[in-house]
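Written out below as structure tokens is the structure these notes cover.
The values are calculated or read from the model by the stated rules, or taken from the named source; none is laboratory data. These numbers were taken from a predicted model, which means no experiment stands behind them. When we count neighbours, we look across all protein chains shown, and the Cβ atoms used for this are built from the backbone with ideal geometry, even at glycine.
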Amino acid sequence: MTDISFIEWASMSDKALAEYIGIFVRHHRMEQNKTQSELSTAAGISRSTLSLLERGETVTVATLIQVLRVLDQLSVLGAFEVRDTLSPLALLKQQKEKRQRARSKIKGDENKNEPNW
């Protein structure tokens, strides 16, 4: 899609990021051999809105999601997955609380669970 092998996302301006998203959308639309009219109709948006998106102009997140859905590219939203992380101290504490060994039964306790016949 692009010749950029490593992108420093934080150093890019908002406009540059929007243009990058537009390039992504246009690339996948063209790859699927869809016109702007076909894609916009399927996504339930106007063709001019799709054109704005592809040019890197401001559109709503809902519009982007609709277009990604039609292009079957919702998998890119996996980057937004939230995972619970443990701090190293919490992880150590959790591991410390796990049993490390099995304990044999105490001789006096062996007969407590058995009935006396």
- Residue pairs within 6 Å by beta carbon, gap of at least six or interchain, first lying in the stretch 9-26 and touching a residue at least 24 places away in the same chain (Cβ under 8 Å), second surrounded by fewer than 16 Cβ atoms within 10 Å (Cβ to Cβ), listed first then second, are Gly22/Arg55
- Selected residue (criterion: surrounded by the most Cβ atoms within 10 Å (Cβ to Cβ)) from residues of the stretch 51-65 that are within 24 Å of the chain's Cα centre (by Cα) and touching a residue at least 24 places away in the same chain (Cβ under 8 Å): Leu53
- Over the stretch 86-105, the set of residues hydroxyl-bearing (Ser, Thr, Tyr) and at pLDDT 80 or above is Ser87
- Message: If I ask for residues that are at pLDDT 95 or above and surrounded by fewer than 10 Cβ atoms within 10 Å (Cβ to Cβ), which ones from the stretch 1-47 would you list?
- Response: Asn33
- Note on the structure: Subset of the stretch 66-85, residues modelled with pLDDT under 95 and either more than 19 Å from the chain's Cα centre (by Cα) or not in a loop (DSSP other than H, G, I, E, B) (or both), comes to Leu74, Ser75, Val76, Leu77, Gly78, Ala79, Phe80
- Query: Taking Lys112, is it charged (D, E, K, R), surrounded by fewer than 15 Cβ atoms within 10 Å (Cβ to Cβ), modelled with pLDDT under 95 and in a helix (DSSP H, G or I)?
  - Reply: no
